[in-house]
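Novice: Please find one structure pasted underneath; my questions will follow.
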Amino acid sequence: MRHIDRLSIPGILAEKKEEWQAKFEAKRVTSPSARPDSSKYGNLKIRERLEACSCGKCFYCESKLSDTQREIDHFVEVSIAPELAYEWTNLYLSCNNCNDKLSHSEISVEEALDPCRDSDTVIQENITFEDECICSQPGSRIGVKTIRKFRLNSNLLDLKRSKWLQKIMKEALAIRRCMIEEGRKEATKEEKYSLLRYTQPDQPYSLMSEVFLKKNFRHLFV
Ligand SMILES: [Zn+2]
């Protein structure tokens, strides 16, 4: 998870939100468990704006999402806050792992980190990584609950993160080999840049990559 700077509301949503919400409220009168229309909040322009906010990554786990994997999640569930069904600030881009989050009754969103509210510093004060495995910082209840709520420790995510780490490791070891062969004590500027690139927010699993590189290749950060 990384902090997400939310861009401005897409025009289509600003224009239609009240109309869509009114239709949804009317439907709820006869059918209280009705869902908002996903073809409306999932409008291409809305999805594209969300993708621009996170560089095409899931807001929660930082997986890069292909066209078929992009889901739009209501951060506060519709059953809890139907009035937020078409609220721009309640729409988050998600993968299906994280969209399948634990319900409000098990862990509410107030008990977990919110990538749109919490800064990178706050996120890192609460969650970290041991290689590809996500873990809470010592004593952080919010870290524990965030990991549980969004299933950030699922086997699927461990596998994806592990593959990504292998890619980074391969590159880092090639650089180290080159340094040894050339008798250098320091990586070149280009070599440092190519590894630090993995820590940038547009990259998948950038927080994990930062933790991993800081732990194993400390000299890159000085
Ligand atoms: Zn995800």
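The values are calculated or read from the model by the stated rules, or taken from the named source; none is laboratory data. Source: prediction; values computed, not measured. For neighbour counting, all protein chains shown are included, and Cβ atoms are generated from backbone atoms with ideal geometry for every residue, glycine included.
Novice: Taking the options 8, 54, 39, name whichever one is surrounded by fewer than 12 Cβ atoms within 10 Å (Cβ to Cβ) and under 30 Å from residue 121 (Cβ atoms). Steps first, answer last, please.
Specialist: Numbers: 54 fails: surrounded by fewer than 12 Cβ atoms within 10 Å (Cβ to Cβ); 39 fails: under 30 Å from residue 121 (Cβ atoms).
Only one candidate qualifies: 8.
Novice: Any residue in region 148-159 that is farther than 13 Å from residue 1 by Cβ sitting within a Cβ distance under 6 Å of a residue that is part of a helix (DSSP H, G or I) and within 12 Å of the ligand (Cβ to nearest atom)? List the pairs, counting only those 6 or more apart or interchain.
Specialist: What qualifies is 154/97; 156/97.
Novice: Moving to a separate point now. If we keep just the residues of region 86-95 that are of a type outside the set (Ser, Thr, Tyr) and surrounded by fewer than 23 Cβ atoms within 10 Å (Cβ to Cβ), which is nearest to the ligand (Cβ to nearest atom)?
Specialist: Here the answer is 90.
Novice: Here is a follow-up. Could you go through region 129-138 and let me know if any residue there is modelled with pLDDT of 95 or more, loosely packed, with under 13 Cβ neighbours inside 10 Å and away from the ligand (no atom under 16 Å from the Cβ).
Specialist: Yes, region 129-138 contains at least one residue that is modelled with pLDDT of 95 or more, loosely packed, with under 13 Cβ neighbours inside 10 Å and away from the ligand (no atom under 16 Å from the Cβ).
Novice: Hey, among the residues in region 32-47 that are assigned to a helix (DSSP H, G or I) and touching a residue at least 12 places away in the same chain (Cβ under 8 Å), which one's nearest to residue 147 (Cα to Cα)?
Specialist: By that ranking, first place goes to 47.
Novice: Pick out the one residue from 107, 80 that is of a type outside the set (Gly, Ala, Ser), farther than 14 Å from residue 35 by Cα and more than 14 Å from the ligand (Cβ to nearest atom).
Specialist: Checking each option against the conditions leaves just 107.
Novice: So, in region 65-74, how many residues would count as being away from the ligand (no atom under 13 Å from the Cβ) and within 28 Å of residue 29 (Cβ to Cβ)?
Specialist: Residues in region 65-74 being away from the ligand (no atom under 13 Å from the Cβ) and within 28 Å of residue 29 (Cβ to Cβ): 1 in total.
Novice: Just one of the numbered conditions (1) within 16 Å of the ligand (Cβ to nearest atom); (2) at pLDDT 95 or above is not true of residue 98; which one?
Specialist: (2)
Novice: Name the one entry in 160, 192, 170, 149 that is surrounded by 13 or more Cβ atoms within 10 Å (Cβ to Cβ) and away from the ligand (no atom under 16 Å from the Cβ). Lay out the reasoning, then the answer.
Specialist: Working: 160 fails: away from the ligand (no atom under 16 Å from the Cβ); 170 fails: surrounded by 13 or more Cβ atoms within 10 Å (Cβ to Cβ); 149 fails: away from the ligand (no atom under 16 Å from the Cβ).
Result: 192 is the single residue among 160, 192, 170, 149 that is surrounded by 13 or more Cβ atoms within 10 Å (Cβ to Cβ) and away from the ligand (no atom under 16 Å from the Cβ).
Novice: Follow-up. Can you tell me which of (1) within 16 Å of the ligand (Cβ to nearest atom); (2) touching a Pro at 6+ places or on another chain (Cβ under 7 Å); (3) within 18 Å of residue 110 (Cβ to Cβ); (4) not basic (Lys, Arg) is the one residue 62 doesn't meet?
Specialist: The single condition residue 62 does not satisfy is (3).
Novice: Mind checking whether some residue in region 59-76 is touching a residue at least 12 places away in the same chain (Cβ under 8 Å), touching a Gly at 6+ places or on another chain (Cβ under 9 Å) and surrounded by fewer than 16 Cβ atoms within 10 Å (Cβ to Cβ)?
Specialist: no
Novice: Can you find a residue in region 36-54 that is modelled with pLDDT under 95, among the polar types (S, T, N, Q), more than 16 Å from the ligand (Cβ to nearest atom) and over 24 Å from the mean Cα position of the chain (by Cα)?
Specialist: So far as region 36-54 goes, no, none of its residues is modelled with pLDDT under 95, among the polar types (S, T, N, Q), more than 16 Å from the ligand (Cβ to nearest atom) and over 24 Å from the mean Cα position of the chain (by Cα).
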